[in-house]
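Asks: My questions all concern the structure below.
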Amino acid sequence: MTIDLRSDTVTQPGAGMRAAMQDAPLGDDVFGDDPTVNRLEALAAALFGKEAGLFLPTGTQSNLTALMAHCQRGDEYLVGQEAHTYRYEGGGAAVLGSIQPQPLANQSDGSLRLEDIEAAIKPDDSHFAKTRLLALENTISGKVLSRAYLESALALAARHNLSTHLDGARVFNAAVKLGLPVAELTAGFDTVSACLSKGLGTPAGTVLVGRRDLIASARRWRKMLGGGMRQAGVLAAAGIYALEHNIARLAEDHDNAEALAAGLRTIDGIRVEAPQTNMVFVHLPPARIAALQAHLAAAGIKVLLGPRTRLVTHMDVNATQIRAAVEAFRAFFASSGALAAAA
Ligand SMILES: *Cc1c(COP(=O)(O)O)cnc(C)c1O
């Protein structure tokens, strides 16, 4: 039995989700005819308290269509150096959107300093790109931005007439952690993108929600980018199932991350950062990584090891498997300790 801690994207749809997919009424969504896609888009909009929703194949496409809806050619968006949209999406906003990114340093809590945001806003002068949009991310690297911080950032954006986008790929993890409805946590953002295929466990799909005019524009860009899917209700059905069944249970993933961190912290040779949601970051001795990878693979544990390794909990790892993973790490460091002592 494999224990896969590489990402929360590795989950398999369970029987209930597969049954929902099997039974979904379908139509051609490019004609607006897929009742299941339409239901998901309405459900997501309602859940977030936004005017409209759009179903997209991936979070990358969702962020890109949102940025292109907010910004014209030659506009600029303010974004974190570590934000997914800036760093891990192939530079799509610049490459495909003709949107200039203005990256800002993320603080250790994941936030952008309000002073840094303010200082990066360009005056109305033909030397500069037009600063149009502030993009934040929650959770970011497993860290939660508080509602109080979001409110101060939104107020700053409003003062400067910037529009706002939240990359909420894992926003449900943040909402569950804070004990807030997701509509409250994301109130005030013009658009929010939320992945269904991470902690919520669908095979694919992301919803973008927000102001009606922006979602209409994003729908045009989605088609241009090749995201106009036809009988997409077969995937949207999984999304509806996920929104109805898989949000509250994210607390289990957070508990499992805590247990994983607590277990690993007792092992000499590993330094563990305190987790906030479903990600545990551990620091490993670089010289031991190759041997550790082989040891864990032999024990059926999949990880993406590096000097700072990210371990991710999700619906397909349970508390027993977390204990087994901790013991596999412990066995490795115990035997390598013994080897060092014998040498
Ligand atoms: C995964 C992720 C995305 C992109 O989602 P894909 O579906 O993999 O394209 C965007 N933003 C964040 C923060 C993510 O974690």
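The values are calculated or read from the model by the stated rules, or taken from the named source; none is laboratory data. This is a predicted model, so every value here is computed, not measured. Here the Cβ is made from the backbone with ideal geometry for all residues, glycine too, and neighbour counts use every protein chain on show. Keep in mind that these areas ignore ligands, DNA and RNA; they rest on the heavy atoms of the full protein, side chains included. Shrake-Rupley method; radii C 1.70, N 1.55, O 1.52, S 1.80 Å.
Asks: Would you work out what percent of the accessible area of region 13-245, with all protein chains in place, is carbon or sulfur (probe 1.4 Å)? Walk me through the numbers on the way to the answer.
Replies: Numbers: 4950 of 9660 Å².
Percent of accessible area from carbon and sulfur atoms in region 13-245: 51.
Asks: A follow-up question, please. 7 Å from Cα along Cα→Cβ at both Glu184 and Leu114: what's the point-to-point distance in nm?
Replies: Those two pseudo-labels are separated by 2.1 nm.
Asks: I'd like the FRET efficiency for Ala291 and Gln107, computed as 1/(1 + (r/R0)^6) with the beta carbon distance as r and R0 of 51 Å, rounded to 0.05.
Replies: On the way: r = 35 Å, r/R0 = 0.69.
E(calc), rounded to 0.05, equals 0.90.
Asks: Let me ask you something else. Using Cα pairs closer than 8 Å and at least 6 residues apart in sequence, work out the relative contact order for the chain, in percent. If you can, show how the numbers build up before the last one.
Replies: Values: 664 pairs, mean separation 84.7, N = 343.
Computed value for the chain: 25 percent relative contact order.
Asks: Something else now. Give the distance, in whole Å, between the Cα centre of region 99-130 and the Cα centre of region 296-328.
Replies: 37
Asks: Please give the helix 212-224 orientation as an angle from the longest Cα principal axis of the chain, in degrees from 0 to 90, rounded to the nearest 10.
Replies: For helix 212-224, the angle is close to 70 degrees.
Asks: Let me ask something else. Considering only lysines 8 or more places apart in sequence, or on different chains, count the pairs in the chain whose C-alpha atoms sit under 23 Å apart.
Replies: Value for the chain: 9.
Asks: I'd like the accessible area for Lys223, computed on protein heavy atoms only with a 1.4 Å probe and all protein chains in place. Round to 10 Å², please.
Replies: Rounded to the nearest 10, that gives 100 Å².
Asks: How far, in degrees from 0 to 90, does helix 319-342 lean away from the longest principal axis of the Cα atoms of the chain, to the nearest 10?
Replies: Between helix and principal axis, roughly 50 degrees.
Asks: Could you let me know the centre-to-centre spacing of region 1-65 and region 177-215, using Cα atoms, in angstrom?
Replies: 11
Asks: Between Asp29, Asp190, Asp109, where does the largest GNM mean-square fluctuation fall for the chain, given springs only between Cα atoms within less than 10 Å?
Replies: Result: Asp109 has the largest fluctuation of those listed.
Asks: Tell me the net charge near Ala236. Cut-off is 11 Å between Cβ atoms, Ala236 excluded, with +1 for each Lys or Arg and -1 for each Asp or Glu. Write out the running numbers ahead of the final one.
Replies: Values: positive: Arg39; negative: Asp29, Asp34, Glu41.
Within the 11 Å Cβ shell, the charges total -2.
Asks: Expected output is a single nm value to one decimal: the length gained when fully extending between Ala298 and Ser7, i.e. 0.36 nm times separation in residues minus the C-alpha distance. What is it? Walk me through the numbers before you get to the answer.
Replies: Working: separation 291, 0.36 × 291 = 104.76 nm, distance 1.92 nm.
That works out to 102.8 nm of additional length.
Asks: Among Ala155, Ala174, Ala24, which one shows the biggest mean-square fluctuation in a GNM of the chain, springs joining Cα atoms closer than 10 Å?
Replies: Judging by the Gaussian network model, the answer is Ala155.
Asks: Sticking with the crude label model, points 7 Å out along Cα→Cβ, report the distance from Asp268 to Arg330 in nm, one decimal please.
Replies: Each label point lies 7 Å from its Cα, and together they span 1.5 nm.
Asks: Moving on. Can you give the helix-only mean residue ellipticity at 222 nm for the chain, where every DSSP H stretch with n ≥ 4 adds -39500 (n - 2.57) and the sum goes over all residues, rounded to the nearest 500 deg cm²/dmol? Don't jump to the answer; show the numbers that get you there.
Replies: Working: 14 runs with 153 residues, N = 343.
Calculated mean residue ellipticity at 222 nm is -13500 deg cm²/dmol.
Asks: Taking all protein chains as present, what is the carbon and sulfur share of the accessible area of region 249-342, in % to the nearest whole number, probe 1.4 Å? Intermediate results must be reported in sequence, preceding the final value.
Replies: Numbers: 2560 of 4290 Å².
Carbon and sulfur together cover 60 percent of it.
Asks: Taking only Cα atoms and a 10 Å spring cutoff, compute GNM fluctuations for the chain and point out the largest among His84, His127, His254.
Replies: His127
Asks: For the chain, give me the percentage of DSSP beta bridges that are antiparallel, rounded to the nearest 5 percent. Please list the in-between numbers first.
Replies: Values: 19 of 38 bridges.
Just about 50 percent of them are antiparallel.
Asks: While we're here: Working from the pairwise distances between different alpha carbons, so that the mean of 1/r is found and then inverted, what is region 1-147's Kirkwood radius in Å? Provide the component values of the computation, followed by the final result.
Replies: Working: mean 1/r = 0.0552 Å⁻¹.
The Cα-based Kirkwood calculation yields 18.1 Å.
Asks: If you count only protein heavy atoms with a 1.4 Å probe, what accessible area per residue comes out for region 249-342, rounded to a whole Å²? Walk me through the numbers before you get to the answer.
Replies: Values: 4290 Å² over 94 residues.
Accessible area per residue, region 249-342: 46 Å².
Asks: Tell me, what is the FRET efficiency for Arg249 and Arg73 to the nearest 0.05, using R0 = 45 angstrom and their Cβ-Cβ distance as r?
Replies: Working: r = 43 Å, r/R0 = 0.95.
Computed FRET efficiency for Arg249 and Arg73 comes out at 0.55.
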